[in-house]
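Participant: Okay, here's the structure, questions in a sec.
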There are 2 protein chains.
Amino acid sequence: MKSYHHGNLKQELIDCACRLCERDGYTKLSIRSLAKESGVSQTAPYRHFETKETLYASVATEGFKKLSKACHIDADKKITKKHLVEIGCNYIEFGLKNANTYDLMFGTAVGNFAEYPELLESANSTYENMRLSFSKLASDSDEVIAFKCITLWSMVHGLVGILRKVQVVGDDFDEGVGPISTASVIATNLEDHLDKVLTGLIQS
Amino acid sequence: MKSYHHGNLKQELIDCACRLCERDGYTKLSIRSLAKESGVSQTAPYRHFETKETLYASVATEGFKKLSKACHIDADKKITKKHLVEIGCNYIEFGLKNANTYDLMFGTAVGNFAEYPELLESANSTYENMRLSFSKLASDSDEVIAFKCITLWSMVHGLVGILRKVQVVGDDFDEGVGPISTASVIATNLEDHLDKVLTGLIQS
DNA sequence: AATTTAATGTTAGCAGTGTAAACATGATAG
DNA sequence: CTATCATGTTTACACTGCTAACATTAAATT
């Protein structure tokens, strides 16, 4: 009883892609399998996504929207260092819990964000979130605020990458004081850790 | 006049893979093109690399060796904060100049380092370099040293990722005080930046 | 030195991929 | 009611990773 036209294919493809991407990693995602999953012919997705990269861009856009939401602090409240720590924690938590999507968002799968306006906007809004919070924390110049944003962002981004990678780097010489145990300690005391590194940053 | 047996195929494949990987990114690397480039049949590489991931692992191993070398500080000298800054700078410089190889080393192309002993060793030696330097900087416990390593590593790793990504994130609202200009400022004043963030870390 | 064995190469072929071109269907605008 | 256009299908091409069966030659064993 299914009709020739699907009706809502694009959104269904995106949803499905997000799911499969997070489950198996974006490398394992194929347009054909996606089409099959949606009960549609192999090339139907091409009516909605010019290339595979366009599909990637859509998945990444969804990712940035979720990340933005996860890092959003209610704007009415007064912002304190604690809030910044919370943002950082939420960011890292997102990166660790949505590792495969995170790879797509920050890897090279989508080469040039500027080619995908929605992706650009969602990515920038993540930054804008952070910018706003810093601007409410202290009356810094725009330059200083941007500097603090980039610094915090690179810190939490780096932690996501290293915390993930360390798990995979072998425990030959760990013995409770090596990188793995240490990473695990950091991961379970994220707030403390971020508080520490943020203190220096905010005072600067 | 070429003989049936190549003689040095494995090494030539690795070298060639490193070159192509850095030039075009590891996604564009195919075993078949690699074989053609080395003047050998499509499936000859399979005598030396069980799967494509094994080849990736070899390229990543080379990458970690180079990274280790780039971050090596002569062990005889007394280590100062300046040396740590230099290590960080060299690390970041490597990441930015060998971006595609860096992706392979820190992405998910090679799932489990433990399956590739040489990769494991070369990756760990990068860490070990850092560990040694920190241990010569101050008489901290092994735990504290490991903590400082992970923190520094995540900082420089994060900077590599963000500095690269920001270039690609659109400049709609940059106007000289946005993320792009800021990232560029940080990139051209890496030493200052690392000095700043390291000061807090070392004192902790 | 002759012969067996193992390492390294080739050929042929399968299943899967991204993508383009030509065609089919049906919702919608005139 | 009809023409148009968005959306779907079929077919096809060039490419991929990888396997199996076979060829060649270097190395080990007798």
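The values are calculated or read from the model by the stated rules, or taken from the named source; none is laboratory data. Only a predicted model underlies this, so the values are computations on that prediction, with no experimental measurement involved. Methodologically, a virtual Cβ is constructed for each residue, glycine included, from the backbone with ideal geometry; neighbour enumeration extends over all protein chains shown. With ligands, DNA and RNA removed, areas are computed over all heavy atoms of the protein, side chains included. Shrake-Rupley method; radii C 1.70, N 1.55, O 1.52, S 1.80 Å.
Participant: Counting only residues that are open to solvent by less than 20 Å² (accessible area, probe 1.4 Å) and among the small types (Gly, Ala, Ser), which one in the stretch A:45-78 is farthest from A:Glu93 (Cα to Cα)?
Facilitator: It comes out as A:Ala57.
Participant: When residues of the stretch B:16-44 are filtered for being surrounded by fewer than 16 Cβ atoms within 10 Å (Cβ to Cβ) and in contact with a Cys (Cβ under 8 Å, 6 or more places away or on another chain), how many remain?
Facilitator: So the count comes out to 1.
Participant: Going by what's in this entry, would B:Ala138 be described as more than 9 Å from chain A (Cβ to nearest Cβ) and either over 18 Å from the mean Cα position of the chain (by Cα) or over 20 Å from B:His83 (Cα atoms) (or both)?
Facilitator: yes
Participant: Away from DNA strand D (no atom under 12 Å from the Cβ) and either at pLDDT below 95 or in a loop (DSSP other than H, G, I, E, B) (or both), is that true of B:Gly7?
Facilitator: Numbers: away from DNA strand D (no atom under 12 Å from the Cβ): no; either at pLDDT below 95 or in a loop (DSSP other than H, G, I, E, B) (or both): yes.
Considered against the rule, which asks whether it is away from DNA strand D (no atom under 12 Å from the Cβ) and either at pLDDT below 95 or in a loop (DSSP other than H, G, I, E, B) (or both), B:Gly7 comes out as no.
Participant: Let me ask you something else. Return the residue satisfying two criteria in turn: it lies in the stretch A:9-59 and is of a type in the set (Val, Ile, Thr) and within 13 Å of DNA strand C (Cβ to nearest atom), and of such residues it is farthest from the other protein chains (Cβ to nearest Cβ). Before the answer, list the steps.
Facilitator: So in the stretch A:9-59, the residues of a type in the set (Val, Ile, Thr) come out as A:14, A:27, A:31, A:40, A:43, A:51, A:54, A:59.
Those left that are additionally within 13 Å of DNA strand C (Cβ to nearest atom): A:27, A:31, A:40, A:43, A:51, A:54, A:59.
On the way: A:Thr27: 8, A:Ile31: 16, A:Val40: 26, A:Thr43: 22, A:Thr51: 14, A:Thr54: 16, A:Val59: 15 Å.
The qualifying residue farthest from the other protein chains (Cβ to nearest Cβ) is A:Val40.
Participant: Return a yes/no flag: does the stretch A:63-71 have any residue that is more than 9 Å from DNA strand C (Cβ to nearest atom), within 14 Å of another protein chain (Cβ to nearest Cβ), touching a residue at least 40 places away in the same chain (Cβ under 8 Å) and of a type in the set (A, V, I, L, M, F, W, C).
Facilitator: Checking the stretch A:63-71: at least one residue is more than 9 Å from DNA strand C (Cβ to nearest atom), within 14 Å of another protein chain (Cβ to nearest Cβ), touching a residue at least 40 places away in the same chain (Cβ under 8 Å) and of a type in the set (A, V, I, L, M, F, W, C).
Participant: Within the stretch B:66-96, track down each residue that is more than 10 Å from the chain's Cα centre (by Cα) and part of a helix (DSSP H, G or I).
Facilitator: B:Lys69, B:Lys81, B:Lys82, B:His83, B:Leu84, B:Val85, B:Glu86, B:Ile87, B:Gly88, B:Cys89, B:Asn90
For (1) at positive phi; (2) open to solvent by less than 10 Å² (accessible area, probe 1.4 Å); (3) out of contact with any His (no Cβ under 6 Å at 6 or more places or on another chain); (4) of a type in the set (Asp, Glu), each residue gets a yes or a no:
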residue: B:Leu84; (1), (2), (3), (4): no, yes, yes, no
residue: B:Cys89; (1), (2), (3), (4): no, no, yes, no
residue: B:Leu104; (1), (2), (3), (4): no, yes, yes, no
residue: B:Ala123; (1), (2), (3), (4): no, yes, yes, no
residue: B:Glu128; (1), (2), (3), (4): no, no, yes, yes
residue: B:Phe134; (1), (2), (3), (4): no, yes, yes, no
residue: B:Ala138; (1), (2), (3), (4): no, no, yes, no
residue: B:Glu143; (1), (2), (3), (4): no, no, yes, yes
